Amino acid sequence: PNTLLTYYIQDIGANPSEAISQSLLLARRGVPAVVGPVFNEQVLAVNSVLAGETIPFNSYGASAVQLSNGTTYPSFFRTITDDIFQARAMAETCRLFGWDFVAALFTTDFYGQSGRTSFLNQAGRNRIKVT
């Protein structure tokens with residue numbers, strides 16, 4: 001009762017510079033928290049603005065392991081698991097099917113490289129060779 005909830009919805013696409021611009025705007029408006037952005041690259045950009053303002057922000061899609069570092073990303077939270085858990089599940093699936101040599105494709109962006117590193121680590125622990 002007697003609570004006013006105000007929200008702003010912004011479509012920033014996949015552009016990190018637009019994410020910074022919108023974050024600055026939200027910080028100036030005095031928002032108490034932000035939901036989004038979705039991509040790892042955007043989270044890196046938004047952190048540079050919101051962490052300095054101690055505005056918490058939550059991503060429903062960013063999974064890079066680096067974002068779990070609470071010292072570097074003190075205001076960041078996520079609703080999905082990071083790449084380590086996803087990579088562990090992929091490696092265990094390979095092991096379950098008896099695959100000891102697999103080919104893996106990754107994108108060259110931050111998301112793909114974070115996933116690649118996590119999967120290679122987990123595959124190595126399960127004695128799975130990756131090409």
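Using alpha carbons only, how many degrees (0 to 90, rounded to 10) separate the axis of helix 40-50 from the longest principal axis of the chain?
Between the helix axis and the principal axis of the chain, the angle is about 30 degrees.
Any chance you could give the angle, 0 to 90 degrees and rounded to 10, that helix 110-125 forms with the longest Cα principal axis of the chain?
40
With a cut-off of 8 Å between alpha carbons and a minimum separation of six or more residues, what is the relative contact order of the chain in percent? Could you put the intermediate results ahead of the total?
Values: 177 pairs, mean separation 24.8, N = 131.
Reported as a whole number, the value is 19 percent.
What relative contact order, as a whole-number percentage, does region 43-117 give when Cα pairs under 8 Å and 6 or more residues apart are counted? Could the numbers behind the result be given before it?
Values: 67 pairs, mean separation 20.9, N = 75.
Rounded, it is 28 percent for region 43-117.
What is the Cα centroid distance between region 1-60 and region 83-113, reported in whole angstrom?
What the calculation gives is 31 Å, centre to centre.
Can you tell me which of 74-80, 94-100 comes out highest on packing, and rank the rest after it, using the mean Cβ neighbours within 10 Å?
Going from most to least packed, we get 74-80, 94-100.
What do you get for Rg/Rh of the chain when both radii come from the Cα atoms and Rh is the Kirkwood radius? Don't skip to the end; give the middle numbers.
On the way: Rg = 17.9 Å, Rh = 16.3 Å.
My calculation puts Rg/Rh at 1.10.
How long are the semi-axes of the equivalent ellipsoid of region 56-99, defined as square roots of 5 times the Cα gyration tensor eigenvalues? Whole Å, largest first. Mind showing how you got there, number by number?
Working: eigenvalues 155, 19, 5 Å².
Ellipsoid semi-axes (Å, largest first): 28, 10, 5.
Add -39500 (n - 2.57) for each DSSP H run of 4 or more in the chain, then divide by its residues: what number comes out at 222 nm, to the nearest 500 deg cm²/dmol? Before the final figure, lay out the partial values.
Working: 4 runs with 55 residues, N = 131.
The per-residue figure over the chain is -13500 deg cm²/dmol.
Values in this text are rule-based calculations from the coordinates and carry no lab data. Since this is a predicted model, take the numbers as computed values, not measurements. Don't worry about glycine lacking a Cβ; one is built from the backbone with ideal geometry, like all the others, and counts go over all protein chains shown.
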